[in-house]
């Protein structure tokens, strides 16, 4: 039996963060994850944070190494390792030895993993429609443009630091 959705508590108001768009995005992210969790089945093996991201990445192009997943998802290597172990135990992914490099393995979604990804997309779309209620197409387009710029700024900053560290 599913429990009724309980709206998470608002974070405390902080004057020094009152006009901070990144903190607003962070709060929205937490709220949307809470709503998606509410829609999950009780046996959902993809509930731990980061799991849906790994599934989504594999759905767009599986057959990657664990290290490639770490780079693509911006998750830590131990986190990806645990996520893959849980997904493998649940029958959502399988690891196969790389035919060109017998020391490494490549990760592939199983049909069960693809079905879970499809269900996750449906849930995310439902939560998106709830969150975007009252915004017209132009406002949604503007919001996506602005959020894309913020994401790219943060990704570029990280890439520049990584590049400097590797020199």
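Each value in this text was obtained by applying a stated rule to the coordinates, not by laboratory testing. Just so you know, these numbers come straight off a predicted model, no measurement behind them. All Cβ positions, even for glycine, are placed from backbone atoms using ideal geometry, and neighbour counts span all protein chains on display.
Sorting 123, 149 from the fewest to the most surrounding beta carbons within 10 angstrom yields 149, 123. Its relative contact order, with pairs defined as Cα atoms under 8 Å and 6+ residues apart, puts region 44-113 at 34 percent. Summary of packing: across the peptides 77-85, 23-31, the per-residue average of other C-beta atoms within 10 Å ranks them, highest first, as 77-85, 23-31.
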